[in-house]
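The values are calculated or read from the model by the stated rules, or taken from the named source; none is laboratory data. Everything quoted here is computed from the prediction, not taken from an experiment. Cβ placement follows ideal geometry from the backbone for every residue including glycine, while neighbour counts extend to all protein chains displayed. Heavy atoms of the whole protein, side chains included, go into the accessibility calculation; ligands, DNA and RNA do not. Shrake-Rupley method; radii C 1.70, N 1.55, O 1.52, S 1.80 Å.
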Amino acid sequence: MKKYVLSAVAVCLLSVLVYKNFSAIPDIPPGTVILICGASSGIGEELAYQAAEKGANLVLAARSEDKLLKVQEQALKRGAREVEIVRADFSDVAGSGVVVEKTLEKFGKLDYLVLNHAGLPFGPFLAAEHMQEPAFIQKIMKVNFLSHIEIALKALPHLEESLGHIYVTSSTFGEVPINYAMSLYCSSKHALNGFFYSLQQELIAKQSPVSVTVGALGLIWTPDIASVFENDPIPKDIIAGSIEGAARGMLDSYTTRPKTLTYPVFANVFMRMLWYFNPWFQEMIISQNKPPGSHGNGYEATVAGWKEKTEKANKRRFMQGYQKSDQPSA
């Protein structure tokens, strides 16, 4: 066991040493046409601002038109040449491709497709009846997985013409079950990894000029995440990445085109090593996530805690429509 831990630490340290420090906003050609799906808040919003500062042309897509209008205004102030917004319901898989159509109508081309949209349902699966409903499960998979495929297929012919790039926001949860209260989210990210790494391989095999980056993002400390998890004993200085750093990595991926963007590196690589080499990983994670002072494995206390988090999320309109099947989409 000792040698596994030492090996994991060595790999993590090596990863940190070779990892590029995203200390400045990467250069992209002015006028680059970037379509950002999931641009109304969080990492997508920050990416829009950083791209705007480089003079990009932007298409911002999300469910909430009022939030998109605010991002559009700020992006124009920060230097974007033109900014188009598209209100999109990504649970309508067949209709998701409209975001590509709107991009072509406005700019006549597409250089960079960013698939960043996702629903984030949270809470222990066996204790949340609404999560067990087939319609709810299907909705999450449509938004988090199937719509990504549809949009990518619509975009590929146009990205071939522009020698463009696709970035897909996946997660460490797509590789490692870090918290059993994120089962549906975890499942959808596993699906994303399976499809887009296979697509990446096929594009290389057919010598396509289009490249794909899969983003293996860990905990990113966005304002919404901070508000929901404010009372949790999370060592965010150690395991969490900044929203600015994540967006810089995504923007840099357009020019450097890595197969995988891992951010933050140390925490994510360390979790991978523990998952593959620690036979007691599941017990370790349960103990780590156990609420202080709770009995046994802390399951009942965990369920109660996630109900409180859901209430906080709803007050901020964070993931509205993804916590209960009867909530309206925003």
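Observations on the structure shown:
- Test: GLY215 is on the phi < 0 side of the Ramachandran plot, at pLDDT 95 or above, open to solvent by less than 20 Å² (accessible area, probe 1.4 Å) and out of contact with any helix residue (DSSP H, G or I) (no Cβ under 9 Å at 6 or more places or on another chain): no
- Across segment 281-295, the number of residues qualifying as open to solvent by less than 50 Å² (accessible area, probe 1.4 Å), assigned to a helix (DSSP H, G or I) and small (Gly, Ala, Ser) comes to 0.
- Scope segment 173-196; condition over 11 Å from the mean Cα position of the chain (by Cα) and among the hydrophobic types (A, V, I, L, M, F, W, C); matching residues: VAL176, ILE178, ALA181, MET182, LEU184, CYS186, ALA191, PHE195, PHE196
- Filter pass, SER170 being touching a Lys or Arg at 6+ places or on another chain (Cβ under 7 Å) and within 25 Å of ALA88 (Cα to Cα): yes
- Candidates GLU53, GLU105, GLU129, GLU101 - the one that is closer than 28 Å to TRP306 by Cα and out of contact with any strand residue (DSSP E or B) (no Cβ under 8 Å at 6 or more places or on another chain): GLU129
- Put simply, of PHE270, PHE277, PHE266 the only residue that is in contact with a helix residue (DSSP H, G or I) (Cβ under 7 Å, 6 or more places away or on another chain), more than 23 Å from GLU46 (Cβ to Cβ) and open to solvent by 70 Å² or more (accessible area, probe 1.4 Å) is PHE277.
- When residues of segment 164-192 are limited to those that are open to solvent by 20 Å² or more (accessible area, probe 1.4 Å) and polar (S, T, N, Q), the one nearest to LEU110 (Cα to Cα): SER187
- Among the residues of this structure, GLU46 does not count as one that is at pLDDT 95 or above, over 17 Å from LEU217 (Cα atoms) and of a type in the set (D, E, K, R).
- Breaking point among (1) open to solvent by 10 Å² or more (accessible area, probe 1.4 Å); (2) modelled with pLDDT of 95 or more; (3) in contact with a strand residue (DSSP E or B) (Cβ under 9 Å, 6 or more places away or on another chain); (4) aliphatic (A, V, I, L, M), for ALA118: (2)
Residues checked against (1) at pLDDT 95 or above; (2) part of a loop (DSSP other than H, G, I, E, B); (3) acidic (Asp, Glu):
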| position | (1), (2), (3) |
| --- | --- |
| HIS148 | yes, no, no |
| LEU153 | yes, no, no |
| PHE173 | no, no, no |
| ILE178 | no, yes, no |
| MET182 | no, no, no |
| ALA191 | yes, no, no |
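- Of everything in segment 70-104 that is part of a helix (DSSP H, G or I), open to solvent by 40 Å² or more (accessible area, probe 1.4 Å) and not polar (S, T, N, Q), the residue that is nearest to ILE140 (Cα to Cα) is VAL98.
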